[in-house]
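A short worksheet on the structure shown next.
The values are calculated or read from the model by the stated rules, or taken from the named source; none is laboratory data. Model, not experiment: these values are computed from the prediction. Because the Cβ atoms are built from the backbone with ideal geometry, glycine has one as well, and the counts that use them run over all protein chains shown.
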Amino acid sequence: MISATALTRRFGGREVVRDVSFSVAPGEVVGFLGPNGAGKTTTMRMLLGLLRPSGGEGRIDGRVGYLPEAFTAYDAVSVRSYLRFMCRMKGVSIGDVDRAMELAGVGKLGRRPFGRLSKGQRQRVGLAQALLGRPGAYVLDEATIGLDPRQVVDARGLIRSLADDDRAAVLVSTHLLAEASAVCDRVVVIAAGRVVAEERPGAAGDLEARFLRLVGEAELT
Amino acid sequence: MSFARVRAVAGKELTVLWSSPVPYVVGALFQAVLAALFVDQLHAREQAVVQPLFPLAGFLLLLTVPIITMRSFAEEARTGTLDLLQAAPVPPSPLVAGKWLAGWLTTLAMLLPTGVLVVIVRWLGHPDRGPVIAGYVGLALLAATLTGVGVLASSLTSSQPVAAMVAVFGLLLLWFSNIGSGTLNAGDVLAHFSLSERLRSFAGGAIDTSDVGFLVAAVVVTLAVTALVVDSRRLR
Amino acid sequence: MRSRLVAVLLVLVAGVAIDVVGSRTRRLYDLTAQHSVSLTHETKSVVRQVHHKVKVTVFLRRDEPGRVEAATLLARYHRLNRHITFKVLDPSESPGELHRLGVDPLAGGMAAVAGDRVERAASVAEQDVTGAIVRLLRHKSPTVCFATGHGEADPNATLPEGVAQLADLLRQNGYHVATTDLLARPVVPAACDALLMARPTAPLGPAAAELSRWLAADGRALFLLDPESTVDVNPVLAPYKLRVERGIVFEKDPGSVLSGDPTAPIVHTYSTANPLVRRLAPTYFPGVEEVDVDESGHVPGLTVSRLADTSNASFLSRDPQRGDFQLGRDLPGPVTVGAAADLSAFRGGTVHRTRVVAWGDADFATNAYLGQAGNSRLLVQALDWLTIDEDLVTLSANLAADRPISLTTARHRESLLLSAALVPALWLLAGAAVWLARRRR
Ligand SMILES: Nc1ncnc2c1ncn2[C@@H]1O[C@H](COP(=O)(O)OP(=O)(O)O)[C@@H](O)[C@H]1O
Ligand SMILES: [Mg+2]
């Protein structure tokens with residue numbers, strides 16, 4: 001269960017996130033959709049306890065798998081050692097490393113130092129790291145960024161299965177409509193720090209028109 | 001605070017650190033400068049004394065330890081890997097303790113080859129064993145304190161060079177605070193914090209519980225403050 | 001979150017507590033070979049009494065043994081009391097300071113300055129440093145009374161046979177100098193901390209009894225006797241197991257006489273730990289008789305030490321006209337020419353201490369010979385020993401051992417090559433190896 005209640009955040013007087021409320025139930029994938037700079041990352045960081053809200057409250061029950069927007073690990077550390085290290089940090093069994101590597105598609109990269117991976121490979125290590133210990137909630141910030149089309153499809157399948165098979169609550173931020181409509185049960189649309197709509201994605205074309213209109217409206221007011 | 005986590009953090013830090021050129025270059029420079037200065041001392045004194053080794057080594061550590069510790073928190077804060085650890089969630093204490101431990105072990109590794117200088121003195125004459133033992137105990141404790149200060153400085157900023165400079169500056173103030181106590185008439189208060197005076201006591205061949213207590217306490221205090229800083233910087 | 005803050009604050013408090021407990025308990029584990037770093041309780045109690053600046057300057061060459069140990073020792077004084085500061089100088093590089101502080105450039109040693117008062121010591125052991133500080137703390141300088149009235153050498157006479165230079169030397173070393181005429185009034189004044197009787201030539205008469213009485217009552221005296229004098233001081237010295245053996249020493253070792261005169265022996269080394277002759281340069285005695293130590297029997301609390309012996313080739317001639325050894329008449333060498341006695345007892349809650357130094361010659365102290373070799377140091381150290389503060393006598397006089405090395409050019413180069421080039425190269429090599437191994441992955 002992930003829930004945001006009237007989350008607000010100001011940076012030096014500028015209100016970047018304002019009165020954002022929504023929740024993600026177990027078994028549900030919620031898309032957090034909005035243009036660049038809308039406040040998605042800021043909201044997620046407040047949910048994770050990495051940023052103090054100026055107002056409101058964010059909560060995540062149980063362990064959470066987090067994939068940050070610009071994921072990076074330690075260049076000198078091999079993929080497997082990094083994942084083992086993260087297991088120890090999360091306090092979960094080291095035995096989970098192989099499963100996470102397989103699921104994220106980095107099964108063959110175990111001995112490779114992180115610094116010598118491609119952009120897409122790095123992002124998948126980030127995903128693997130989030131999967132460790134089968135948490136009950138996921139916060140994935142731009143999860144598919146830097147992946148090639150094949151991998152995007154795989155990643156979306158993976159995200160879906162987290163909710164469907166593991167009954168996890170999954171919050172995925174994206175600025176891509178296609179992504180939202182492909183995997184999400186529900187979409188929370190944010191623009192200029194405010195939630196402007198919350199609905200089930202229907203046909204992609206329909207959503208796109210609505211989205212652009214919503215964003216435009218928000219920017220006008 | 002689980003020791004398994006501390007060990008994991010320390011192990012990761014050691015891997016990262018020793019995969020970079022930093023410890024090798026710093027170790028080589030440290031050894032070369034220290035050896036040149038010390039052999040010169042032997043030449044001038046014509047006595048089999050090891051005592052001058054320790055103030056020299058201590059002062060050089062003042063400049064090298066911050067280079068070893070500067071990346072510990074600053075780099076993780078800059079790249080964002082610290083967020084992942086804190087979202088894991090890892091409380092600050094095992095992070096601080098692990099990073100300090102890695103820095104301390106690295107510094108001790110830097111000191112290990114200086115033993116060749118003691119071997120040289122023993123080859124040339126018959127030095128007193130007391131100052132060798134007490135001096136290295138003092139250096140190890142000093143290294144622990146310096147590492148604590150270095151890690152603290154690194155937690156204050158996301159910039160490695162700034163962290164190193166803050167640490168060197170702070171350590172120089174501590175090192176010379178006994179001089180300040182004389183001129184400022186601040187008496188024992190400033191001198192109490194003088195790292196050079198503490199080290200000199202060890203180098204002379206005596207282990208004084210007040211010196212051991214001070215250096216250990218300094219480690220504990222700097223690490224506790226670092227934990228506070230890391231935690232408060234998390235929630236900004 | 002709140003509990004974490006509390007935990008961190010607890011750790012902070014614990015850290016401060018460790019420091020406070022550490023500096024309160026202050027246990028010292030002295031690992032040095034001579035235990036030269038630990039300070040005794042006596043020193044600590046003395047150092048606590050210092051309430052004004054005391055600047056200690058140590059003069060030791062950079063290559064002199066004990067230099068680092070002296071610095072370490074003084075650093076501990078400084079730690080005990082911040083009023084005590086110190087610096088260690090190389091005498092060859094700071095002749096100005098040496099001159100200003102009146103330290104003998106050859107002997108070196110230390111000077112402690114408080115205000116305009118200077119106290120000096122020839123070496124830098126705990127005994128010396130604490131002794132100098134005690135003398136600074138003691139506002140009144142000790143008084144040396146030159147006995148007169150029985151033809152003694154005159155402390156005001158500047159003729160070669162006078163001892164005016166000795167009086168000046170003692171003043172420079174922090175003593176008050178007075179004279180006391182024991183013929184006019186055979187009572188040693190209470191103000192005298194030590195009595196110096198140099199070459200009496202007239203019988204002592206009632207003064208002998210007064211000297212015996214005064215010595216028995218914790219008196220301190222230096223007797224400089226001479227073969228030319230016929231005055232018998234043995235009744236005064238007898239309780240302290242010292243005895244003057246009349247005659248004149250003939251030195252047959254050509255290396256131990258000055259300008260070929262066999263009646264002017266040089267003493268090169270002193271085989272005793274007595275601080276009176278510690279680190280003393282060779283001394284030289286023109287015309288000297290024996291001061292024998294009676295080693296029979298045992299007097300509780302009495303310690304007698306022979307201070308200076310002439311060589312094995314010397315002998316004491318009973319007939320000053322005859323320079324050849326005659327068995328049965330003369331005494332074979334080595335001949336003791338100076339000795340010291342310390343009679344200490346603990347009575348009625350206080351330490352009672354009598355000290356006597358007797359020397360078989362007085363000429364070495366006269367204006368003619370005082371400046372020669374170690375003669376002046378011998379006299380200053382003798383009076384220091386006589387007047388030293390009661391409490392300080394148990395202080396360690398542990399001097400650091402000489403640990404010479406011979407750093408030949410080849411060894412110097414090898415040392416540098418090994419430690420400053422080879423080891424750093426190994427560091428860099430290890431770095432390169434790691435870099436290569438990582439590239440291959
Ligand atoms: N630490 C910060 N200080 C000041 N402004 C910030 C900070 N972090 C984010 N912002 C601002 O907040 C807004 C929202 O940013 P973000 O949440 O990263 O957007 P999104 O993730 O939706 O692209 C942006 O305008 C950004 O410039
Ligand atoms: Mg973002």
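Key figures for this structure:
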quantity	calculated
Extreme residue, surrounded by the most Cβ atoms within 10 Å (Cβ to Cβ), among residues of the range B:39-59 that are more than 8 Å from chain C (Cβ to nearest Cβ), in a helix (DSSP H, G or I) and not charged (D, E, K, R)	B:57
Residue that is farthest from the other protein chains (Cβ to nearest Cβ) [pool: residues in the range A:23-63 that are more than 13 Å from ligand 1 (Cβ to nearest atom) and of a type in the set (Lys, Arg)]	A:59
Selection within the range A:186-198 - touching a helix residue (DSSP H, G or I) at 6+ places or on another chain (Cβ under 8 Å) and either modelled with pLDDT under 85 or surrounded by fewer than 17 Cβ atoms within 10 Å (Cβ to Cβ) (or both)	A:197
Given (1) surrounded by 15 or more Cβ atoms within 10 Å (Cβ to Cβ); (2) touching a Ser or Thr at 6+ places or on another chain (Cβ under 6 Å), index of the condition residue C:183 fails	(2)
Given (1) closer than 25 Å to residue C:240 by Cα; (2) touching a residue at least 60 places away in the same chain (Cβ under 8 Å), number of the condition residue C:300 does not satisfy	(2)
Residue check for residue A:66: within 16 Å of ligand 1 (Cβ to nearest atom), part of a strand (DSSP E or B) and within 13 Å of the chain's Cα centre (by Cα)	yes
Residue A:103 vs. criteria in a helix (DSSP H, G or I), more than 16 Å from ligand 2 (Cβ to nearest atom), away from every other protein chain (no Cβ under 14 Å) and more than 25 Å from residue A:8 (Cα to Cα)	yes
Conditions (1) within 13 Å of ligand 2 (Cβ to nearest atom); (2) surrounded by 18 or more Cβ atoms within 10 Å (Cβ to Cβ); (3) not acidic (Asp, Glu): number failed by residue A:22	(1)
Residues being more than 14 Å from chain C (Cβ to nearest Cβ), under 23 Å from residue B:220 (Cβ atoms) and among the hydroxyl-bearing types (Ser, Thr, Tyr) - total across the range B:117-164	3
Subset tally (residues that are over 24 Å from residue C:371 (Cβ atoms), part of a strand (DSSP E or B) and either among the β-branched types (Val, Ile, Thr) or more than 23 Å from the chain's Cα centre (by Cα) (or both)) for the range C:291-320	6
Residues that are surrounded by 13 or more Cβ atoms within 10 Å (Cβ to Cβ) and facing chain B (nearest Cβ under 7 Å), drawn from the range C:17-34	C:18, C:19, C:21, C:22, C:23, C:26, C:28, C:29, C:30, C:31, C:32, C:33
The range C:1-37: number of residues that are touching a strand residue (DSSP E or B) at 6+ places or on another chain (Cβ under 8 Å) and farther than 30 Å from residue B:203 by Cα	0
Any chance residue C:68 is away from every other protein chain (no Cβ under 13 Å), surrounded by 21 or more Cβ atoms within 10 Å (Cβ to Cβ) and outside any loop (DSSP other than H, G, I, E, B)	no
Residue that is assigned to a loop (DSSP other than H, G, I, E, B) and touching a strand residue (DSSP E or B) at 6+ places or on another chain (Cβ under 7 Å), where the choices are C:178, C:202, C:153, C:157	C:153
The range C:356-382, subset outside any helix (DSSP H, G or I) and not hydrophobic (A, V, I, L, M, F, W, C), residue surrounded by the fewest Cβ atoms within 10 Å (Cβ to Cβ)	C:371
Neighbours by Cβ (under 8 Å, 6+ apart or cross-chain): first from the range A:67-79, within 8 Å of chain B (Cβ to nearest Cβ); second acidic (Asp, Glu)	A:68/A:141; A:68/B:83
Hey, residue C:16 at pLDDT 80 or above, in contact with a helix residue (DSSP H, G or I) (Cβ under 9 Å, 6 or more places away or on another chain) and assigned to a loop (DSSP other than H, G, I, E, B) or not	no
Set A:144, A:174: member being touching a Phe, Trp or Tyr at 6+ places or on another chain (Cβ under 8 Å), within 16 Å of ligand 2 (Cβ to nearest atom) and modelled with pLDDT under 90	A:174
Pairs, first within 20 Å of residue B:92 (Cα to Cα) in the range A:37-60, second part of a loop (DSSP other than H, G, I, E, B) and within 13 Å of ligand 2 (Cβ to nearest atom), C-beta under 6 Å, six or more apart	A:45/A:51
Matching entry among C:118, C:129, C:113 (being touching a residue at least 40 places away in the same chain (Cβ under 8 Å), closer than 30 Å to residue C:89 by Cβ and surrounded by 23 or more Cβ atoms within 10 Å (Cβ to Cβ))	C:129
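For (1) under 22 Å from residue A:198 (Cα atoms); (2) within 16 Å of ligand 2 (Cβ to nearest atom); (3) not charged (D, E, K, R), each residue gets a yes or a no:
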| residue | (1), (2), (3) |
| --- | --- |
| A:28 | yes, no, no |
| A:51 | no, yes, yes |
| A:54 | no, no, yes |
| A:60 | yes, no, yes |
| A:63 | no, no, no |
| A:95 | no, no, yes |
| A:99 | no, no, no |
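Okay, residues lined up against (1) surrounded by 20 or more Cβ atoms within 10 Å (Cβ to Cβ); (2) within 16 Å of ligand 1 (Cβ to nearest atom); (3) more than 19 Å from the chain's Cα centre (by Cα); (4) closer than 17 Å to residue B:9 by Cα:
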{"site": "A:70", "(1), (2), (3), (4)": "no, yes, no, no"}
{"site": "A:75", "(1), (2), (3), (4)": "no, no, yes, yes"}
{"site": "A:79", "(1), (2), (3), (4)": "yes, no, yes, yes"}
{"site": "A:98", "(1), (2), (3), (4)": "no, no, yes, no"}
{"site": "A:111", "(1), (2), (3), (4)": "no, no, yes, no"}
{"site": "A:117", "(1), (2), (3), (4)": "no, no, yes, no"}
{"site": "A:124", "(1), (2), (3), (4)": "yes, no, no, no"}
{"site": "A:129", "(1), (2), (3), (4)": "yes, no, no, yes"}
{"site": "A:132", "(1), (2), (3), (4)": "yes, no, no, no"}
